[in-house]
Amino acid sequence: MTAPPPIPPDRARWLGLIVLAVLALAARRTEGPEAFASANAAHPHAGDAREGRHLGSIEVAGHAWTFALHVPAGYDDDPRRRWPLVLALHGASGSGPAFLDEAHWDDLADREGVIVAAPSGLPLRPLVNPSRAFNPRLWNSGQHPPDRPRSRVDDLAFFDALLAEIARRWRIDPDRIYAAGHSNGGAMALRLAAERSEVFAAVASVAGLRYVEPPEDAQGVSILTIFGGADPLLPTEGGLSVLPWEVRRTPEILPELRRYAAQIGCPETSTVIEHDGLLHSFCYPPGPDGATLKFILIDRHGHAWPGGRAHLAEPILIGPRNDLIDATTVIWKFFAHRRRRPDGST
C-alpha cells in the first residue's frame, strides 16, 4: 500500500482552518491561570505530601509551569515505603488535570499503588494564556519548527526540575520512574527516553513518534508504542497530516520503530506475540541490557487514547474509536516489572 498523495498547500491551509473551527466549537473551557487558581482552591492540601489529588506550580526557564499529581490510597500508612512514579503527558490542546481524569490515571494510581504526575505544557505562544482551540498547550518534543516561540523553551530543564520537586516532596523510588504520553505528549515521552535515558526505567507513547535522535552515550530504555490503524493525524503508512497549527509529513511508522529498537540494542527481527482480529502486537527481543520495544496496532482506531473518555466531535477530528484495550492499564503492565538498574540500564 502506498501513502496518500500530497495535499496542495492552499487546500492544506483550508483544512487546518476547518479543523480549528471545529476544535473551537468542541472546546469546553480556557485553561489559564484563573482555572488553575480555582482548582487549587478546591484542594486545600495541595502543598501537603499526602494521598489524594495535589496541584502545584514551579518556575523554570523563565516560565510558570503547573502540574497535577495523584498520590494513591495507602501512601500515609508506611512512611518508609518508596513508590513508583509515572509522568503522564497530555497531547496538544490538553492539560495535566484533564489527562489524569480522561485517561483514568487517577483510578490506576489507587488500584496499583502508583504516584502519577500530570504536568501541563506551555501554550503554543508561551506568553499568552492557553486555550484549547487557539493557543493549545504543547510539549517541545522536537517536532515543531525551530523558529516557533514554543520551540525555544527548554522543556528538558522543566522535567529535571519537576522530578527534583516531586522527589523532594514525595517518597519516590528512583529506579521506578516512567513516562507515558499521548500524541505530542507521547513524542515528549520518547524524547525523555532518548535524552534522559539514565532516569527512566521505561516509557510509552500512544499515537506519537520521536523527533530527536538519542546521544551516542544514551542507555537502552524499554519502549511501548500504541497506534491506531485509522489515525488521520499520524497515518501508519506515512503521509501528510493537517493540524490547526501546522501541516507536517509523517514518516512510515514501522521503519521508525525498527530504528528505535536497533538504537536500544534489540535484535533486528521482531517477534509477533499476539494477532487477534483487529489487535496486532509485536515485540522485539531484549538487547544486552534488557531493553525492548513493543508495538501495538489497533485496526479501525483513530488518534484517541484507547479506553479513555470520548469527546464531542471526536470522529470528525481524530478518526474512529475502537476501544479494544485500555491503554492506561496496558501501559502500567508494561512498566510494572521494569526497573532502572544501578548502572542505568533497564
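Put simply, of 98, 92, 88, 46 the only residue that is open to solvent by less than 20 Å² (accessible area, probe 1.4 Å), modelled with pLDDT under 95 and among the small types (Gly, Ala, Ser) is 46. On inspection, residue 173 passes the criterion of being out of contact with any helix residue (DSSP H, G or I) (no Cβ under 8 Å at 6 or more places or on another chain) and in contact (Cβ under 8 Å) with a residue 24 or more places away in the chain.
Do we have residue 329 as of a type in the set (Ser, Thr, Tyr) and assigned to a loop (DSSP other than H, G, I, E, B) here? Show your work before the answer.
Numbers: of a type in the set (Ser, Thr, Tyr): yes; assigned to a loop (DSSP other than H, G, I, E, B): no.
Against the criterion (of a type in the set (Ser, Thr, Tyr) and assigned to a loop (DSSP other than H, G, I, E, B)), residue 329 does not qualify.
Of all residues in segment 258-285 being touching a residue at least 24 places away in the same chain (Cβ under 8 Å) and over 19 Å from residue 323 (Cβ atoms), which is most open to solvent (accessible area, probe 1.4 Å)? Going through the qualifying residues, I end up with 263.
A search for C-beta distances below 9 Å between a residue of segment 133-154 that is more than 17 Å from residue 120 (Cβ to Cβ) and any residue that is of a type in the set (Gly, Ala, Ser) and in a loop (DSSP other than H, G, I, E, B), counting only pairs 6+ apart in sequence or on different chains, returns 143/208; 151/142. Scanning segment 293-346 for residues that are more than 30 Å from residue 219 (Cβ to Cβ), out of contact with any strand residue (DSSP E or B) (no Cβ under 9 Å at 6 or more places or on another chain) and small (Gly, Ala, Ser) yields 307, 310, 313.
The values are calculated or read from the model by the stated rules, or taken from the named source; none is laboratory data. Quick caveat: nothing in here was measured; it's all calculated off a predicted structure. Methodologically, a virtual Cβ is constructed for each residue, glycine included, from the backbone with ideal geometry; neighbour enumeration extends over all protein chains shown. Please note that ligands, DNA and RNA were not included when accessible areas were found on the heavy atoms of the full protein model with its side chains. Shrake-Rupley method; radii C 1.70, N 1.55, O 1.52, S 1.80 Å.
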